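In what follows, a structure is listed as structure tokens, so that the remarks can point back to it.
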Amino acid sequence: MCGIAGYFNISSDNSPGVTLLERMIHPVSHRGPDGYGFHVGRRAGLAHARLSIIDLEGGWQPIHNEDKSLWVIFNGEIFNYRELREELEERGHRFATNSDTEVIVHLYEEKQEHCLAYLNGQFAIALYDAEKEVLFLARDRMGVRPLFYTIHKGTLYFASEVKSIFAADPSLPREINPDVLREIFTFWMPGGSETVFRGIHQLEAGHWARVTAGAGLSLREYWDIPYSTADRGRFRKEDEYAEELRELLIDSVRLRLRADVPVGAYLSGGLDSSTITSLIHHYTDNPLKTFSVTFSDSIYDERAEQNEMVEFLGTDHHVEHCTYEKIGAAFPEVIWHTETPILRTAPAPLYLLSALVRDHRYKVVLTGEGADEILGGYDIFKEAKIRSFIKKDITSASRPLLLKRLYPYLALSPTKSAEFAKEFFHTDAPVDDLFYAHLPRWKTTGRTSVFFSENLKRQNFDDAVENLAARFTGKLAGLDYFSRAQYLESKLLLGNYLLSSQGDRMAMAHSVEGRFPFLDHRVVEFACAIPPNMKMKVLNEKNILKKAMANLLPQTIVKRKKQPYMAPDILSFFGENEPEYLNYYLSPQMVAEAGFFNPKAVEQLLIKCRKKARQGFRENMAFVGILSTQIVYEKFVKNFSVTMPKRLDNIKIIS
């Protein structure tokens, strides 16, 4: 794990060299505090900030092949590197290190872009072919590791984080893209490759890019989440699916424990993280140190379930206890790392948790992300199933009562009343609408637009949904509503929020690498072939996973109803000690200057929040979204700056 940055001159004659690379890599030093490596070629420059996990002495980057015609930097891990190395050595390749990075250059020598099909890992790769003068960029299948790029004055800049790109050239425009901001206030995250900064793009999950002086930038998708009806005709028993899933997860966990440093695990008390820790305990000899978050607010606290698992497995357990004040105090720094507005405070406790992990001198943790998306765990899937059932007999008085089973963990749940729930979840969309499952959520989130400025209101809800339809229609056509919902959750919520703002950014803020056994592409591909009625049996979520783990977990954990990880929103900012920064970021002057929100509406929201009562969905999302947008504006548009030391320590220039 690490941070990467670099440039490629497409049409520019500029040769900035190491000075530019130092300026770009320093802002992501938190991703790699163990040293810097640089290579400058005729047309490209590569920079690397190292977090040493494999081959602690010899794994410095950039790494080259035997004749130095190929140079690579990458952020992440190739978990099957040992097997790949053995095959490459048998075919005559000579290795100079014991790192997983070197596998990439030798495999690329043979397979070019097709090498990606052989990698089991989480990665953002930048490879420079010095002979052909080609830059090759690639991102892992599920989007675990980030990679951003822009083209400015004939030069392509790329990096693990946007702040590195902004540091490259003071003349780079730094503007908020109102279309993407509208998407965030509808979907919770950007809907495609565009970021909230105009002109800055992410290389999407499962994609590669080739950059040349003649043709510029070309993009290609090499893998996508394979939800399909093609495999549904072959009948298999639930126990068969459960057994195969368990075996795949055991192997995935074993691969993700490969490291030359200790590896820990997050333990939330839910089924997913409990599965991972139990598999480590039962099938490996890895010492089990676990970490978790608890809350002073009992609505969000899961310490009873965490303690049950700690006692069951006998782990060496450590806790970060989160109060309202801690979350509020950390929030501006959290947004510096997310580099995008967010509508929930949930990343903040994970930011604090990764600091605890680092304090215990751990660099790597395994977590349970991805299980809900690929195995049918979220209430949004259950909600769609119930709504579909109701539509089949709209005259029924009893069917809407099933909605009361949804979201029992919410402090102000919309399902306390069946009639209110029926209205809350109602849309005019038919079951075969591409976005049938998601429209109620997007409709609720979209209500935050009442706080927009007149200028931002021009980007409306329908436009955002139409843009998403243009992107996904071909992907979703022919799928049942349950699989469509899973695909969208995996691509949007998981890929563009949970793995980024809540995952990579919060862990790497304190130089901690997260690894995700459920997102091994073999596990994902297998899960996609499980029939929806087996994934969620009636209303029993993650049915196959529960069967797979029935004998390896306490029954209370297996049978526990899904409670997604959440954190207190508005209450985190309006306790006994209101953060001083609120008056700065949310002052009428600053709100008017940024131009995204109505100052009077924001002022009224603040008055409401200061009553210190629990608020509804709209107010919570609006407040966190407005505050985070104002912080993004101030830190990245109005006053962007990175203080460079006179010289970087522990550097290697490799030529």
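Pro341 meets all of the listed conditions (1) under 30 Å from Thr445 (Cα atoms); (2) surrounded by fewer than 22 Cβ atoms within 10 Å (Cβ to Cβ) but one, namely (2).
Would the stretch 309-318 turn up any residue that is part of a helix (DSSP H, G or I) and not aliphatic (A, V, I, L, M)? So that I can check it myself, show each step before the final result.
First, the residues of the stretch 309-318 that are part of a helix (DSSP H, G or I): 309-313.
Of the ones still in play, those that are also not aliphatic (A, V, I, L, M) are 311-312.
So far as the stretch 309-318 goes, yes, one or more of its residues are part of a helix (DSSP H, G or I) and not aliphatic (A, V, I, L, M).
Specify which of the listed residues (Pro579, Pro599) is closer than 22 Å to Asp297 by Cβ and of a type outside the set (Lys, Arg). Only one candidate passes the filter, namely Pro579. Among the residues of the stretch 293-307, is any part of a strand (DSSP E or B) and either buried (at least 22 other Cβ atoms within 10 Å of the Cβ) or touching a residue at least 40 places away in the same chain (Cβ under 8 Å) (or both)? Yes: one or more hits.
Filtering the stretch 22-40 to residues that are within 13 Å of Ile654 (Cα to Cα) and among the hydroxyl-bearing types (Ser, Thr, Tyr) leaves only Tyr36. Scanning the stretch 55-78 for residues that are surrounded by 23 or more Cβ atoms within 10 Å (Cβ to Cβ) and part of a loop (DSSP other than H, G, I, E, B) yields Gln61, Pro62.
The set of residues in the stretch 82-109 that are among the hydroxyl-bearing types (Ser, Thr, Tyr) and within 11 Å of Ile54 (Cα to Cα) comprises Thr97, Ser99, Thr101.
For the residues Lys652, Lys612, Lys608, Lys600, the requirement of being over 30 Å from the mean Cα position of the chain (by Cα) and on the phi > 0 side of the Ramachandran plot singles out Lys612.
To keep it simple, each residue is scored yes or no on (1) at pLDDT 95 or above; (2) of a type outside the set (Phe, Trp, Tyr).
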position	(1), (2)
Arg174	yes, yes
Phe187	yes, no
Pro190	yes, yes
Thr195	yes, yes
Gly206	yes, yes
Ala213	no, yes
Leu217	yes, yes
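Filtering Pro564, Pro517 for residues that are in the same structural domain as His281 (by TED's automatic domain parsing) and touching a residue at least 24 places away in the same chain (Cβ under 8 Å) leaves a single hit, Pro517. Hey, does the stretch 23-36 have a residue that's of a type outside the set (D, E, K, R) and assigned to a strand (DSSP E or B)? So far as the stretch 23-36 goes, yes, one or more of its residues are of a type outside the set (D, E, K, R) and assigned to a strand (DSSP E or B).
Of the helices (runs of 4 or more DSSP H) lying entirely inside the stretch 94-188, those carrying at least 1 residues that are surrounded by 18 or more Cβ atoms within 10 Å (Cβ to Cβ) and in contact with a Pro (Cβ under 6 Å, 6 or more places away or on another chain) are 162-168, 178-187. Criterion first (exposed (fewer than 15 other Cβ atoms within 10 Å of the Cβ) and either assigned to a loop (DSSP other than H, G, I, E, B) or aromatic (Phe, Trp, Tyr) (or both)) does Gly199 satisfy it? No; evaluated as a whole, the condition is false for this residue. Apart from one condition, Asp251 fits all of (1) closer than 30 Å to Gly478 by Cα; (2) out of contact with any helix residue (DSSP H, G or I) (no Cβ under 7 Å at 6 or more places or on another chain); the exception is (1). The set of residues in the stretch 24-55 being in contact with a helix residue (DSSP H, G or I) (Cβ under 7 Å, 6 or more places away or on another chain) and hydroxyl-bearing (Ser, Thr, Tyr) consists of Tyr36 alone.
The values are calculated or read from the model by the stated rules, or taken from the named source; none is laboratory data. What you see is a predicted model, and the numbers here were worked out from it, not measured in a lab. For neighbour counting, all protein chains shown are included, and Cβ atoms are generated from backbone atoms with ideal geometry for every residue, glycine included.
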